[in-house]
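One structure is given below, encoded as structure tokens.
Each reported figure results from applying straightforward, stated rules to the coordinates on display, with no laboratory input. Not measured: the values here are computed from a predicted model. Cβ atoms come from the backbone with ideal geometry, glycine included; neighbour counts cover every protein chain shown.
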Amino acid sequence: MKARAYSVSIETWGLGTGSVDADLVSDLGVALEELGALGPSTSIGGLAGGVGASFGVFADGDPKDDLRHIARLASSIFTRACRRTGIAHGGVARLDILSERYLERDLEREPERYAGVTELADLFGVSRQRVWELRRRAGFPAPIAELAAGPVWTVSSLQRFLASWSRKPGRPRQATTG
């Protein structure tokens, strides 16, 4: 059977007793490599506050059993490497497994772009003042952040709005009183 490559990321819960020594985290990368992990990179902190690592592994066998097998293999390699280096943690908080095919697609994907008021005005072909009016429209996307410099949107959310916006050219008519 053909061996398939996977990318694995593991993050552990911290013990809350301060950070792990940076030299030990560096040693963890060496230990992972010695145990068969491909191209390991290590980290400390993260959301769970513990140590983490990303590395590659290969698997032979039935593809439908791969995820369980890869999870056990990756956890075993990581646990043994932590023991070798004397790194204690509070257990695995997160384990992500990506097939090589999925990882390639993910890497080829266009990264998200962001826009402030000026970029939004350029994208929509309107003035900055009109942007402030558009923000009050129903269905206008909410900014992902409000910074001191102003609001920030994802370009993809703005493009979805732009595609559905029934724009009418020219200025709206003034109501006349008679």
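Starting from the Cα of PHE58, step 7 Å along the direction of its Cβ; do the same at LEU95; then give the gap between the two resulting points in nm.
2.2 nm
Around ALA93, which amide H atoms from residues at least 5 apart in sequence, or from another chain, sit under 5 Å from its own amide H, with H modelled in the peptide plane?
GLU11, THR12, TRP13
Would you mind calculating the relative contact order of region 26-77 from Cα pairs under 8 angstrom and at least 6 residues apart, reporting the percent as a whole number? Could the numbers behind the result be given before it?
Values: 47 pairs, mean separation 15.1, N = 52.
Once divided by the residue count of region 26-77, the mean separation gives 29 percent.
Can you tell me the orientation of helix 22-34 relative to the chain, as the angle in degrees between its alpha-carbon axis and the longest Cα principal axis, to the nearest 10?
The angle comes out near 70 degrees.
Starting at the first residue of region 106-120, write each ³J(HN,Hα) from the Karplus equation 6.51 cos²θ - 1.76 cosθ + 1.60 with θ = phi - 60°, in whole Hz, x for Gly and Pro.
5, 5, 7, 5, 5, x, 5, 10, 10, 9, x, 4, 5, 5, 4
Mind giving me the FRET efficiency for LYS2 and LEU107? R0 is 25 Å, r the Cβ-Cβ distance, nearest 0.05 is fine.
Values: r = 21 Å, r/R0 = 0.86.
Calculated value: 0.70.
Could you work out the relative contact order of region 4-108? I mean the mean sequence separation of Cα pairs under 8 Å and 6+ apart, divided by the number of residues, in percent. Could the numbers behind the result be given before it?
Details: 180 pairs, mean separation 46.1, N = 105.
Relative contact order for region 4-108 comes out at 44 percent.
In bins 5 Å wide, starting from 0, what share of all Cα pairs of the chain does each bin hold, as a percent?
Using 5 Å bins, I get a P(r) of 1, 7, 13, 13, 9, 8, 8, 9, 9, 8, 6, 3, 2, 1, 1, 1, 0, 0 for the chain.
Considering only GLY86, TRP132, VAL152, whose Cα is most displaced toward the positive end of the charge dipole of region 1-156, charges sitting on Cβ of Lys, Arg (+1) and Asp, Glu (-1)?
So the residue we want is TRP132.
Tell me the label-point distance for the pair LEU47, ALA148, using the 7 Å Cα-to-Cβ offset, in nm and rounded to one decimal.
2.9 nm
For TYR6, TYR102, which order do you get if you count the other beta carbons within 10 Å of each Cβ and list the fewest first?
On the way: TYR6 23, TYR102 12.
Least crowded to most crowded, the residues run TYR102, TYR6.
About its Cα centre, how strong a charge dipole does the chain have in debye, to the nearest 20, once Lys and Arg get +1 and Asp and Glu get -1 at the Cβ?
Values: 23 positive and 21 negative charges, 288 e Å.
Dipole magnitude for the chain comes out near 1380 debye.
Relative contact order for region 114-164: what percent, with Cα pairs under 8 Å and sequence separation of 6 or more? Please list the in-between numbers first.
Values: 46 pairs, mean separation 20.4, N = 51.
Result for region 114-164 is 40 percent.
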